[in-house]
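Accompanying notes for the structure given below.
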Ligand code: AZC
């Protein structure tokens, strides 16, 4: 069925060392009028990037032409966040030229790693959701699937975090300062996006009612495309990010630079503070901006194919990644009806067939709502269409479902527009991101919708790009795997299972231990360079890396650390295996409580790390500015993976998968994908503790939890909590009180005290287990061997088959396999 017009070649042998050096030399000369030998690292990085882009550009063009020629159905993944990190090495790996480039640079005494470090992280996201979108981009291209990303090109990515006196300080992330070598600005594909104004209906010359808009603000959306290079398959898909400009036709409207600034700032920063009215307005405008631009460009493409409208859903799938792009639904309706005179009924039928939605959270505060007045004022046509969708929803459900249920599920309730409701009503698929999460959506969070549209609900457990999180970030482990089970795992992560055959092989276990040790030493060096803290690389490296949030319970980790600290203080001779607790986490700038926890962890670190009686038995390291690149350093070096959110609160988690893949052993609650990790490795190879989700809900039901009771009856909890306010920990008067209040006065919303004993008990078991090296290594091996199941390749294939109904371009050849 696939008659590709072009033969796409990819993979190894694409370029020789000689050719590469020739190209690189040419680019350095053309771009900077100098020789390679005279180029700075920055210049060399840029020239190399340009050279690499030159290598895949043809494939990029061919991939696109193939999609066009085959008229294949494509998916457009709309996400307000993408977190690709650095692209140089991943592009080299996927092109199969990592080694050629490494060797070519060596000829000039340049280390590829140094050059790679020059690249700024593309940090256009906050955390899990954005990183998932980027793992999916890599996996979609690597699976040969026709899929494109659609998002925002923020001038400033997620803030850079520094600690000053233990406090988080946020600095702007000027990732574009030196330019972005990977992107291509496409002026010819720019579109206008309309905001505000007055919108009303008026008969047109053909007698039909048409929409008239006056006094609108018109902004120009300019796309910047980045190639998403597939793994050794010659496919290059597109991630399209939109940037705002003032169209030349509108120039005259603005009298001053300040007036222009307001509009030019629309795509300036990721997640503007939404705690004030102005911030919220910008955020809503951002959502509409990238949605409208993206949908316009999709429709422009579809029109090129010259098909009747009813074919739209056979050619296009649009994915709404969390509710931020939910305006895709009314925007597609608008374009079909207002610009092409498609009837409401047909437009609605097509829209719901094209759209699908992923929910990433059950935290109520993260379910987006927009005040109607804001929508009415800034996006009046969107408001009209949403209102009509809501009205028709109510009418269509009346008589079928009871009135209360309809009221609870409608889109406009009181003064609020519920974006999740819009996303569910206007699409054909709603999925959660781990089995437990999807079950909770059906049973609790979105239960009402589940009774109305049971067939729309499904689960797609998250996955990760093994290429970045193992092949690239952990070369020592990758080499051991190659030697032990061959290289097929590099293409087929499920083949990691072959490692199970070696679980009792002392030589393999020893090799794995060595690979881990090498990464731990590298991290120890990095820790010393960046923080000055000297850690013992043979200690247990215990890692908690994720956004700072109360439900993720970094504080529970800290409570346990304090328990250990007091134990050693009381009994300095006690035999305790040395442990380094490593944190990486950013707190939202407006999230005061999370920032207090950062401060307290830093102060405890300061206290413990300088305490002579503790020595290297206990060290606490909070590495600043956690991001993708830092994760690539920490994860390969981890012995222990902390996944200790309150059961039911973490939708899935993905660092849990990355850590497991790198041989860390998980200590976890039965939350999110931890449940599936447990199923994959078995109870003996993971440390599970704490309340189950059912027990948590039972407490909600019976309202019978008393944190104070735990405090009063448990002497260790008592001792540890007192430390926050009795001066044992210096410099935390305000924060210490705030934390104790959250636990005692406000009854410990996330049940830290309830889970404390169970957590300590699991930690003690783990500590014991680590001291049996062979046993620990075997356990680690079993975790690596079973991590293949959490591959993003597998996950996107499930999306492709069950939700998007798209197929790979053709059965691509794995060259060089
Ligand atoms: C995160 C979830 O918190 C995390 O559990 C999940 O693994 C990840 O998405 C990917 O699905 N959510 C977010 O990052 N943000 C929001 C708004 O949910």
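Every number in this text was worked out from the coordinates using simple rules, so none of it is lab data. None of these values were measured; they are calculated from a predicted model. Glycine gets a Cβ as well: all are built from the backbone with ideal geometry, and neighbour counts include every protein chain shown.
Scaling against 2.2 N^0.38 Å puts the C-alpha radius of gyration of the stretch 357-467 at 1.14. Can you pull the one-decimal nm distance between simple spin-label points at residue 498 and residue 700, each 7 Å off the Cα toward Cβ? Each label point lies 7 Å from its Cα, and together they span 4.6 nm. For the pair residue 253 and residue 205, a Förster radius of 35 Å applied to the C-beta separation gives a FRET efficiency near 0.80, rounded to the nearest 0.05. Taking 0.36 nm per residue of separation and subtracting the current Cα-Cα distance, fully stretching the chain between residue 774 and residue 741 would add 7.5 nm. Normalised radius of gyration (Cα atoms, divided by 2.2 N^0.38 Å) for the chain: 0.97. By the count of other C-beta atoms within 10 Å, a proxy for reagent exposure, 75, 696 are ordered fewest to most as 696, 75.
Segment residue 340..residue 530, full-extension length gain: 62.6 nm, with 0.36 nm per residue of separation and the alpha-carbon distance subtracted. Plainly put, the stretch 172-285 has a radius of gyration that is 1.07 times its Kirkwood radius, both from alpha-carbon atoms, as the Rg/Rh ratio. Each peptide in 745-751, 629-635 receives the mean, over its residues, of other Cβ atoms within 10 Å, and ordering these scores from highest gives 629-635, 745-751. Overall, the anisotropy analysis places the stretch 35-182 in the oblate class: the square-rooted eigenvalues a ≥ b ≥ c of its C-alpha gyration tensor yield a/c not less than 1.5, with a/b not exceeding b/c.
Rg and Dmax of the stretch 443-486, both derived from C-alpha coordinates alone, stand at 19.9, 53 Å.
FRET efficiency for the residue 310 to residue 487 pair, using the beta carbon distance and R₀ = 56 Å, is estimated at 0.75. Place a point 7 Å from the Cα of residue 396 along the Cα-to-Cβ direction; which residues of the stretch 442-458 have their backbone N under 18 Å from it? Answer for the stretch 442-458: 448-457. As a size descriptor, the averaged projected area of the C-alpha convex hull of the stretch 67-150 was calculated at 6.9 nm².
Summarising the label geometry, the points placed 7 Å from Cα in the beta-carbon direction at residue 712 and residue 734 lie 3.2 nm from one another. Packing-based ranking of 83-90, 28-35, 101-108 yields 83-90, 101-108, 28-35, ordered from highest to lowest mean Cβ neighbour count within 10 Å.
The calculated FRET efficiency for the pair residue 798 and residue 416, based on their C-beta separation and a Förster distance of 30 Å, comes to about 0.35. Applying the Kirkwood pairwise sum to the alpha-carbon positions of the stretch 301-343 produces a hydrodynamic radius of 11.5 angstrom. Each label was represented as a point 7 Å from its Cα along the Cα-to-Cβ direction; for residue 40 and residue 758 these points are 5.5 nm apart.
For the stretch 459-524 and the stretch 665-707, compute the distance between their C-alpha centroids and round to whole Å. About 27 Å separates the Cα centre of the stretch 459-524 from the one of the stretch 665-707. Classify the stretch 730-817 from the C-alpha gyration tensor, please: rounded if a/c falls under 1.5, else prolate or oblate depending on whether a/b exceeds b/c. Because a/c hits 1.5 or more and a/b fails to exceed b/c, the stretch 730-817 counts as oblate. Just so you know, the Rg over Rh for the stretch 704-761 is 0.96, from Cα atoms, with Rh as the Kirkwood radius.
The equivalent ellipsoid of the stretch 415-481 has semi-axes of 37, 13, 10 Å, largest first, where each one is the square root of 5 times an eigenvalue of the Cα gyration tensor. Shape of the stretch 246-338 from the C-alpha gyration tensor: oblate (a/c of 1.5 or more and a/b not above b/c, with a ≥ b ≥ c the square roots of its eigenvalues). In the chain, the calculated helix contribution to ellipticity at 222 nm averages -13500 deg cm²/dmol per residue, counting -39,500 (n - 2.57) for every DSSP H run with n ≥ 4. For the stretch 41-90, the calculated P(r) over all alpha carbon pairs, in 10 Å bins from 0 to the bin holding the longest distance, is 19, 32, 38, 11, 1 percent. Counted by neighbouring Cβ atoms within 10 Å, the residues 212, 628 run from fewest to most as 212, 628. Here the extension length gained between residue 224 and residue 30 equals 67.5 nm, from 0.36 nm per residue of separation less the Cα-Cα distance. Taking 15 Å as the cut-off, the amide N atoms of the stretch 46-62 that come nearer than this to a point 7 Å along the Cα-to-beta-carbon line of residue 108 belong to 46-53.
Among 338, 482, the ranking by other beta carbons within 10 Å of each residue's beta carbon, starting with the fewest, stands as 482, 338. Rounded to the nearest 5, the antiparallel percentage of DSSP beta bridges internal to the chain is 45%. Within the stretch 755-802, the proportion of C-alpha pairs whose separation exceeds 11 Å stands at 74%. Here is the P(r) of the stretch 534-669: all C-alpha pair distances, binned every 5 Å from 0, give 2, 10, 20, 23, 22, 14, 7, 2, 0 in whole percents.
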